[in-house]
Amino acid sequence: MREDPRLRMPVMLLAALLLQTSVLARMRIFGVMPDFMLLLAVAGGITAGPIRGATLGFASGMLIDLFLPTPLGLSALVFTFVGYGVGVANTGVLRSAWYIPVLTAAAACIAGEILYALIGSVLGEPMLTAHLVTIALVVGVTNGVLAPVAVKLVSWSLGSLKSGAPLAS
Amino acid sequence: MAVYRKSRRHRFVLVLLALTSITVLTLDYRGAGDGALESVRRSARDAFAPVQSAADRVVSPVAGFFNTITHYGDLKSENAKLRRQLDEARADAIRGADADRERQGLLELQGLDYAGGLASVPARVVSNAPTNFQLTVTIDRGSDAKLAVGMPVVTNAGLVGRITSVSKLRSTVLLITDPSSNVGVRLATSGEQGVAKGAGGRQPLPLDLIDTTVPVPEGEPVVTSGLEKGLFPAQIPVGRVRSAKSAPGALQQDIEIDPSVDLVSLEFVRVLLWTPSP
């Protein structure tokens, strides 16, 4: 019996959630951990264009929001925009040099953290502190390093859709 | 033409997803803790709790190893510091025993409640919240163990924070270093009262509202004030004064407190079964 390809996406999301909450939450540099769920949105944009990027960002953001003290939907909103933006700017970068996705992920994640802090502070969460600089930089670097892994994971989870319409729409 | 239609479809998906997020965000924000969305969130946390505990058991030795590598230098100097503090603590304990007996008597006379006499529930810290922005930790006890929002969380060394959300099996604790945390405190020797705020990260806590005329020696102990309608009971140690400066013309001193609890590597805590009076 073959695995159902439609199950790949939920399995991948749950595995990423486990990785984020159990492993990465303990591996902090200057008190900051990588943001793997944000990275999924970026990887979605890189591998499959703006729509998949935005959808994946929405799903991973909503999932992590369930475990955060911030209002539900904040990460979903930010990750949606990040996934979409990366998709628009970078469809097809996978075919270029290996470091392009890494740099794209680093830049997109820095932008994502800043956008998150901005929207968060509009909602009255005190996020625009000096610590934001450290957060953005550490997340940028660590997420850049993790980007190839995330790209592999995401393209595996989207693999089922390859047979139909071309991936990058 | 085709390109135009495609980019319109793109924008439609984006707007749809963004609007959904904003709707959820608004509903949750307005529901503030007791809406339907909060119960969805609570169920998700409880459902995920056993999986997470299993994963933690596998991962924590690895994470411990990672931390040992990145903090080796810190550990060495910390070890030396701890030895020194242990000596000091032994001496303090002898002095303290007598003072404690005296203070207990005074508290009883005045009918004040004291954290040491409160019932408490021990809990293990299962994880830091998976976020870089809030300083919270998750503990492995929830409403099944009679925990409720607002209860103070301590270790033997002092104040950790307070509970901000509870599900059946898990609770979230907002640390006193989080920028949204405010703790009413009292300087132990002068008795002056102020408010210790969180400053995020591993920053010391700034202490507001202390008059410039009050002498504040370095290392002075700071405890919760437990004023009426305060968020914490009285007399829980918060930390020690790291530095106190007063700029000319300022209305209050510029004081920083080092928390007495090591909030970065929490493992076991106690939740005091005490909620602030409304």
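What follows is calculated from the coordinates using simple rules that are stated; it is not laboratory data. Predicted model only: the values in this text are computed from it and were never measured. All Cβ positions, glycine included, derive from the backbone under ideal geometry; neighbour counts span all protein chains shown.
Could you put B:Glu267, B:Glu192 in order, starting from the residue whose Cβ has the fewest other Cβ atoms within 10 Å? Working shown, then result.
Numbers: B:Glu267 9, B:Glu192 20.
Arranged by neighbour count, lowest to highest, B:Glu267, B:Glu192 become B:Glu267, B:Glu192.
When a footprinting reagent is the concern and you count Cβ atoms within 10 Å, what order do B:Lys197, B:Lys146 take, fewest first? Please list the in-between numbers first.
Working: B:Lys197 20, B:Lys146 13.
If I rank by nearby Cβ atoms, fewest first, I get B:Lys146, B:Lys197.
Simple spin-label model, 7 Å along Cα-to-Cβ: B:Thr20 to B:Ser60 in nm?
That separation, rounded to one decimal, is 3.7 nm.
Taking the Cα centre as origin and putting +1 on Lys and Arg beta-carbons and -1 on Asp and Glu beta-carbons, what dipole magnitude results for the protein assembly as shown, to the nearest 20 debye?
Working: 41 positive and 35 negative charges, 444 e Å.
For the protein assembly as shown, the charge dipole is close to 2140 debye.
Please name whichever of A:Leu137, A:Pro10, A:Pro69 sits farthest to the positive end of the charge dipole of the protein assembly as shown, dipole taken about the Cα centre and charges placed at Cβ: Lys and Arg +1, Asp and Glu -1.
A:Pro10
Put +1 on the Cβ of every Lys and Arg and -1 on every Asp and Glu Cβ in the protein assembly as shown; which of B:Phe232, B:Thr213, B:Ile139 then has its Cα farthest towards the positive end of the dipole?
B:Ile139
Relative contact order for chain B using alpha-carbon pairs under 8 Å, separation at least 6, rounded to a whole percent? Could you put the intermediate results ahead of the total?
Values: 474 pairs, mean separation 44.1, N = 278.
Over chain B, the number comes to 16 percent.
With the crude spin-label approximation of a point 7 Å out along Cα→Cβ, what separation in nm comes out for B:Asp211 versus B:Leu227?
Placing both labels 7 Å along Cα→Cβ, they lie 1.4 nm apart.
Can you tell me how region A:38-141 classifies by the Cα gyration tensor, rounded, prolate or oblate, using a/c under 1.5 as the rounded cut?
Because a/c hits 1.5 or more and a/b fails to exceed b/c, region A:38-141 counts as oblate.
Please say if chain B is rounded, prolate or oblate, where rounded means a/c under 1.5 for a ≥ b ≥ c the square roots of the C-alpha gyration tensor eigenvalues, and otherwise the choice is prolate for a/b larger than b/c and oblate otherwise?
Numbers: a/c = 1.77, a/b = 1.70, b/c = 1.04.
The shape class here is prolate.
Can you give the Kirkwood hydrodynamic radius for region A:1-90, in Å, rounded to one decimal and based on Cα pairs? Let's see the in-between values first.
Working: mean 1/r = 0.0751 Å⁻¹.
Hydrodynamic radius (Kirkwood, Cα pairs) of region A:1-90 is 13.3 Å.
Just the projected area, averaged over all directions, of the convex hull on the alpha carbon atoms of region B:121-245: how many nm²?
Details: hull surface 31.4 nm².
Seen from a random direction, the Cα hull of region B:121-245 projects 7.9 nm² on average.
Where does each of B:Ser260, A:Ser96, A:Ser121 land when they are ranked from fewest to most other beta-carbon atoms within 10 angstrom?
Working: B:Ser260 19, A:Ser96 11, A:Ser121 15.
Listing B:Ser260, A:Ser96, A:Ser121 from fewest to most nearby Cβ atoms yields A:Ser96, A:Ser121, B:Ser260.
Roughly how many debye, to the nearest 20, is the charge dipole of chain B about its Cα centre, given +1 on each Lys and Arg Cβ, -1 on each Asp and Glu Cβ, and no other charges?
On the way: 32 positive and 29 negative charges, 344 e Å.
Dipole magnitude for chain B comes out near 1660 debye.
When a/c is below 1.5 the answer is rounded, else prolate if a/b is larger than b/c, else oblate, so apply that to the protein assembly as shown with a ≥ b ≥ c taken from the square roots of the Cα gyration tensor eigenvalues.
On the way: a/c = 2.12, a/b = 2.06, b/c = 1.03.
Prolate, since a/c reaches 1.5 and a/b exceeds b/c.
Could you work out the helix-only [θ] at 222 nm for chain B, with each DSSP H run of four or more residues adding -39,500 (n - 2.57) and the total divided by the number of residues, to the nearest 500 deg cm²/dmol?
Computed ellipticity for chain B at 222 nm equals -13500 deg cm²/dmol.
Could you work out the relative contact order of region A:37-88, using alpha carbon pairs under 8 angstrom and six or more residues apart, expressed as a whole percent?
Working: 115 pairs, mean separation 24.3, N = 52.
Reported relative contact order: 47 percent.
Please give the FRET efficiency for A:Trp156 paired with A:Leu118, using the beta carbon to beta carbon distance and R0 = 30 Å, rounded to the nearest 0.05. Write down the numbers at each step before the final one.
On the way: r = 33 Å, r/R0 = 1.10.
In this case the efficiency is close to 0.35.
Just to check I understand the Karplus step: with θ = phi - 60° and J = 6.51 cos²θ - 1.76 cosθ + 1.60, what whole-Hz values come out for region A:64-81, glycine and proline as x?
Per residue, the Karplus-derived 3J(HN,Hα) values read 6, 4, 4, 10, 10, x, 6, x, 4, x, 5, 5, 4, 4, 5, 5, 4, 5 Hz.
With the crude spin-label approximation of a point 7 Å out along Cα→Cβ, what separation in nm comes out for B:Lys168 versus B:Asp254?
Spacing of the two 7 Å Cα→Cβ label points: 5.2 nm.
About its Cα centre, what dipole magnitude does chain A give when the only charges are +1 on Lys and Arg Cβ and -1 on Asp and Glu Cβ, stated in debye to the nearest 20?
Details: 9 positive and 6 negative charges, 101 e Å.
Dipole of chain A, to the nearest 20 debye: 480 debye.
Considering the dipole of the protein assembly as shown built from charges on the beta carbon (Lys and Arg +1, Asp and Glu -1) around the Cα centre, which of B:Val24, A:Ile51, B:Val160 is farthest to its positive end?
Result: A:Ile51.
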